[in-house]
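Remarks on the structure that follows.
The values are calculated or read from the model by the stated rules, or taken from the named source; none is laboratory data. Just so we're clear, the structure is a prediction, and the values are computed from it rather than from any experiment. As a convention, Cβ positions derive from the backbone with ideal geometry for all residues, glycine included, and neighbour counts pool all protein chains shown. Just the protein is used for accessible areas: all its heavy atoms, side chains included, with ligands, DNA and RNA removed. Shrake-Rupley method; radii C 1.70, N 1.55, O 1.52, S 1.80 Å.
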Amino acid sequence: ARPIEEADLRAFHGAHPELYRSTTRATFIHVFGRDADALGALGAEVRTFDGAHPDAIPPLGDPFPQRRRVAARLDELNASWGSDFTTAVAALPVGKWSAPIASRYGFHLVKVIERRDAGPAPYEEVHDRVKLDLLVARREAAVAEYVAALMNHYRVRVGGEALRDYVATARTAAH
């Protein structure tokens, strides 16, 4: 078999877009609070701070044991922060601070910095998967070709009946 080249990988990626999809991702900053009302009262201070320092995380609210700048897929957010929080973050406009949003941890004022919607995954993100998928596809094709060649040279009987037509499947090549 000839070695896999970059052009082969890119061609396989382009020919099978259904295999390589990215999920929606969000990058946001947040201010944490244990109490929704107290956190809501900080909203004006947060927006004032943001006006002067739009790329900085406001040093306000209660201590939070995790990062205050988060970049994650929505399925990851859902698993760790909860579905209500994830749904709210997905609906927020980019660049605007939210009202308090409940999560599994407490309450958060959230500003979405960037959102990338689901769609075709860029080749660079899935390069390793494409390589593996292409190797598997080549193996399946080679096994199917070999079995077809054998069928031309031998008579095969299954349960006493002659097998006339044989169609290789992915299962045949994989096992």
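Here are some notes:
- Among the conditions (1) β-branched (V, I, T); (2) part of a helix (DSSP H, G or I); (3) surrounded by 15 or more Cβ atoms within 10 Å (Cβ to Cβ); (4) over 25 Å from the mean Cα position of the chain (by Cα), I57 misses just one, which is (2).
- Look at (1) within 26 Å of G119 (Cβ to Cβ); (2) assigned to a strand (DSSP E or B) and you find that V31 fails only one, number (1).
- Count - residues of the range 139-160 that are open to solvent by 70 Å² or more (accessible area, probe 1.4 Å) and either in contact with a strand residue (DSSP E or B) (Cβ under 9 Å, 6 or more places away or on another chain) or basic (K, R) (or both): 3
- Answer residue from the range 1-18, given it is open to solvent by 70 Å² or more (accessible area, probe 1.4 Å) and not hydrophobic (A, V, I, L, M, F, W, C) and is nearest to Y123 (Cα to Cα) among those: R10
- Check on A90, in a helix (DSSP H, G or I) and open to solvent by less than 90 Å² (accessible area, probe 1.4 Å): yes
- The set of residues in the range 90-111 being hydrophobic (A, V, I, L, M, F, W, C) and under 16 Å from V46 (Cβ atoms) consists of L92, W97, A99, I101, F107, L109, V110.
- Condition check for R164: open to solvent by 70 Å² or more (accessible area, probe 1.4 Å), closer than 27 Å to H53 by Cβ, free of Cβ contacts under 8 Å to residues at least 12 places away in the same chain and assigned to a loop (DSSP other than H, G, I, E, B): no
- Residue that is least open to solvent (accessible area, probe 1.4 Å) [pool: residues in the range 20-54 that are under 20 Å from the mean Cα position of the chain (by Cα) and either charged (D, E, K, R) or farther than 24 Å from A90 by Cα (or both)]: R25
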